[in-house]
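What follows is a set of notes on a single structure, which appears directly below.
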Amino acid sequence: MSQVKKLLRELIALPSVNPAFLPANDPRGGEQRIADFLAATAGCNGLEVEFQEVFPERANVLARLIPSGRTRQRILLAPHLDTVGGESPAMFRPREKPGRLYGRGACDTKGSVAAMMVAVVELARSSGRPKQTEIVFAGLADEENGQGGSRALVAKGFKADLAIVGEPTLLQAVTAHKGDLWLQLETRGRAAHGSRPDLGRNAVHEMARIVDWLETTYAAALRQRRHPLLGHPTVSVGAIAGGTQPNIVPDRCRISIDRRTIPGETEASVRREIKSLLHSHAVKAELLNIRNGPCPALETELKLPLVRGFLASIGQRRAVGAHYFCDAAVLAQGGIPSVVFGPGDIAQAHTADEWISLRQLEQGSRMLLQFLKSLP
């Protein structure tokens, strides 16, 4: 069995579900057991290891390969350690079928964790170790919820000349991805007995009109904007709640909105647009932000030498974009030029039968090793 497949099987067998998706004290929750395992793996292979606390008992794990000479640049390999949840215990047991390895996190992103860690370990053992480039593997916590790991890394002043962020990209280097803004709107009405609705003001009805405008008028306006890699921004109403029982006219209703942004759009500009839409229809609603931190779009300059060098190393000639949001934008906002790269298909992420192509897993680790060996 190859080292990268063996490592991925071991990682899948260590549940690291983001606690945001589990009841309190669920034994499957948190990244610490996988961080400890990776720290031991890295330490046994001569890498310098440190933990960086993100939340109590949840840490980033950093493993450094120090160059033999003076450090002139730093490359960051940054997959995340947490996964979404899963009801079936079988999801946390690695299962292999021809050409595929199944299990929670197989592609999102324990496949990238394994590919990156094996590439760094093999580089440490080889004669092609860079003389002037420091390589840092950073297993990040909390990407699936609030990106606490990448935000903590940036907040502590970590710097690098290029970050390769591990996500399932089918082994393409993604240089742009959409931002993600979560908003809530709340309408207020006036309660009344269900037999006399004329005496009340129905907050659910008011919100139904707003949902229609968002999904039609506003969505159509967004389709007129285009980004060459990301297409147009989107809006989606993902949840609605209002009222208490059938015989009471509801006096309150709330919706949750997912607004995917493209480069050039900001939280402030999106809020202005939605407020303008409400004003144009003479409707009052309170607008709330339910994200803990900003989630901007990513657009990395292709002319940067290390970005250009990485694309050339993996044989990629054109830029590629992605519709999802990930840690890359957080790192880029912190001053670290970032690309997204890893084995696996995002279509398999978060699914009940999550899997990764073993061919891609092996190839991805080789591609990363080839790039790292090309560095001075």
Of the conditions (1) surrounded by 14 or more Cβ atoms within 10 Å (Cβ to Cβ); (2) under 22 Å from residue 343 (Cβ atoms), residue 99 satisfies every one except a single condition; which number is it? (1)
Just one of (1) of a type in the set (A, V, I, L, M); (2) in contact with an Asp or Glu (Cβ under 8 Å, 6 or more places away or on another chain); (3) without any contact (Cβ under 8 Å) to a residue 40 or more places away in the chain trips up residue 176, so point out which. (3)
Could you say whether any residue in segment 223-237 is touching a Phe, Trp or Tyr at 6+ places or on another chain (Cβ under 7 Å), within 17 Å of residue 258 (Cα to Cα) and surrounded by 15 or more Cβ atoms within 10 Å (Cβ to Cβ)? yes
Suppose we filter 312, 328, 319 for residues that are closer than 30 Å to residue 367 by Cβ and under 19 Å from the mean Cα position of the chain (by Cα); which single one remains? 328
Residues 172, 184: which one is out of contact with any Gly (no Cβ under 9 Å at 6 or more places or on another chain), open to solvent by 20 Å² or more (accessible area, probe 1.4 Å) and more than 30 Å from residue 55 (Cα to Cα)? 172
Can you list the helices (runs of 4 or more DSSP H) lying wholly within segment 145-257 that have 1 or more residues being aromatic (Phe, Trp, Tyr)? 203-213
Have a look at 90, 20, 59, 39 and point out the one that is small (Gly, Ala, Ser) and either open to solvent by 50 Å² or more (accessible area, probe 1.4 Å) or in a loop (DSSP other than H, G, I, E, B) (or both). 20
Return the residues of segment 279-299 that are outside any loop (DSSP other than H, G, I, E, B), open to solvent by less than 30 Å² (accessible area, probe 1.4 Å) and over 28 Å from residue 321 (Cβ atoms); say none if nothing qualifies. 287
With the condition kept exactly as written, say whether any residue in segment 205-216 is of a type in the set (Lys, Arg), more than 30 Å from residue 322 (Cα to Cα), open to solvent by 30 Å² or more (accessible area, probe 1.4 Å) and modelled with pLDDT of 95 or more. yes
Residue among 240, 255, 248 that alone is open to solvent by less than 30 Å² (accessible area, probe 1.4 Å) and on the phi < 0 side of the Ramachandran plot: 255
If a residue must be free of Cβ contacts under 8 Å to residues at least 60 places away in the same chain and assigned to a loop (DSSP other than H, G, I, E, B), how many such residues does segment 258-278 contain? 2
(1) in a helix (DSSP H, G or I); (2) open to solvent by 10 Å² or more (accessible area, probe 1.4 Å); (3) farther than 18 Å from residue 368 by Cβ; (4) modelled with pLDDT of 95 or more: which one isn't true of residue 34, the others all being true? (2)
Can you say whether residue 139 is closer than 28 Å to residue 86 by Cα, in a loop (DSSP other than H, G, I, E, B) and open to solvent by less than 30 Å² (accessible area, probe 1.4 Å), as far as the supplied structure shows? no
If we take segment 308-376, then strands (runs of 3 or more DSSP E) inside it with 3 or more residues that are buried (at least 19 other Cβ atoms within 10 Å of the Cβ) and not aromatic (Phe, Trp, Tyr) are 338-340
Conditions: (1) under 16 Å from the mean Cα position of the chain (by Cα); (2) within 30 Å of residue 259 (Cβ to Cβ). Residue 86 meets all but one. Number of the miss? (1)
Residues 113, 49: which one is part of a helix (DSSP H, G or I), modelled with pLDDT of 95 or more, among the β-branched types (Val, Ile, Thr) and within 22 Å of residue 134 (Cα to Cα)? 113
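One line per residue, one yes/no per condition, for (1) farther than 23 Å from residue 2 by Cβ; (2) of a type in the set (A, V, I, L, M, F, W, C); (3) in contact with a strand residue (DSSP E or B) (Cβ under 7 Å, 6 or more places away or on another chain):
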{"site": "49", "(1), (2), (3)": "yes, yes, yes"}
{"site": "57", "(1), (2), (3)": "yes, no, no"}
{"site": "79", "(1), (2), (3)": "no, no, yes"}
{"site": "83", "(1), (2), (3)": "no, no, yes"}
{"site": "90", "(1), (2), (3)": "yes, yes, no"}
{"site": "102", "(1), (2), (3)": "no, no, yes"}
{"site": "110", "(1), (2), (3)": "no, no, no"}
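The values are calculated or read from the model by the stated rules, or taken from the named source; none is laboratory data. Quick caveat: nothing in here was measured; it's all calculated off a predicted structure. Note that we place each Cβ from the backbone using ideal geometry, even for glycine, and neighbour counts take in every protein chain shown. To get the accessible areas, we keep the full protein, side chains included, count just its heavy atoms, and leave off ligands, DNA and RNA. Shrake-Rupley method; radii C 1.70, N 1.55, O 1.52, S 1.80 Å.
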